[in-house]
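The values are calculated or read from the model by the stated rules, or taken from the named source; none is laboratory data. For clarity, every value in this text was computed on a predicted model and none was experimentally measured. Cβ coordinates were reconstructed from backbone atoms using ideal geometry, including for glycine residues, and neighbour counts include every protein chain displayed.
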Amino acid sequence: MDEGKVLKKISRFLNKEVKSRNAKCVVIGISGGIDSTVTAYLSAQGLGADKVLGLLLPDYSVTPKIDVKHGLEISKKLNINYELIDIGKGKNYIIKNFPRNKLAKANFLVRLRMAILYYYAATKGGIVVGTADKSELQLGYFTKYGDGGADIFPIADLYKTEVRRIARYMKIPQHIIEKRSSARLWKGQTAEGEIGVSYETIDKILDQINFEKILKNSPIPEIVGVDQKNVRTVIEWIKNNRHKHELPIPRCKLNLK
């Protein structure tokens, strides 16, 4: 992967989308994680810091304070406009009489964040930039109409491991690059822990399977150097989230192969 060429292509994509939609700015959810940080860097460098609004939307019942610290660090470093809004109390007030369900509650939090991003985008004349990467999108590891419901996805053609490569190239702080990915759906939750496979292995599998054939129930392939159990796990995630692959949201196509 030629990191320089990737950055230029994403910059062109961002500028094209902003111009074609007559947007005055882009709005990004800043979580303090690797994907939102890389997206914020790309947006600030490609469009200019004055055209980027970052929203930090913690729910302190599940959001570690270190995430907020990292989000503020990045926002200030990039000199973008940003706001910090504690949404935990509002979320709890809305759902206090709802049926109890751990996953539904977690997904509601993600959708609430996206609703707030769109609220700000509407008031600022902007568009919402999604932060999902290729690994998450192909696995279906996102919330439908939550973090999967943005206007554009600039890093959607980069696997998680490639996002980390881009982050190193852009000299993003090491403590964010090394941070374990988490949607912060509940306390202690991590992406790899929930999926059951490391991103290094996930990306190796995703890169060697035919995604369209998998969705059509073709036989599970054997991949050299990868435990067949892990291959089955990844395939099951893709198939179980089949309904999430029907959303034609603009994604920056990089054609890295």
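Miscellaneous remarks
- Hits in segment 30-85 (condition: among the hydrophobic types (A, V, I, L, M, F, W, C), surrounded by fewer than 21 Cβ atoms within 10 Å (Cβ to Cβ), at pLDDT 95 or above and not in a helix (DSSP H, G or I)): L84, I85
- Scanning segment 91-117 for residues being aromatic (F, W, Y), in a helix (DSSP H, G or I) and surrounded by fewer than 17 Cβ atoms within 10 Å (Cβ to Cβ) gives a total of 1.
- For segment 5-23, the set of residues classified as touching a residue at least 40 places away in the same chain (Cβ under 8 Å) and assigned to a helix (DSSP H, G or I) consists of V6, L7, K9, I10, F13, L14, E17, V18, listed by residue number.
- Whether a residue is in contact (Cβ under 8 Å) with a residue 40 or more places away in the chain, in a loop (DSSP other than H, G, I, E, B) and of a type outside the set (S, T, N, Q) was assessed, and K179 passes this test.
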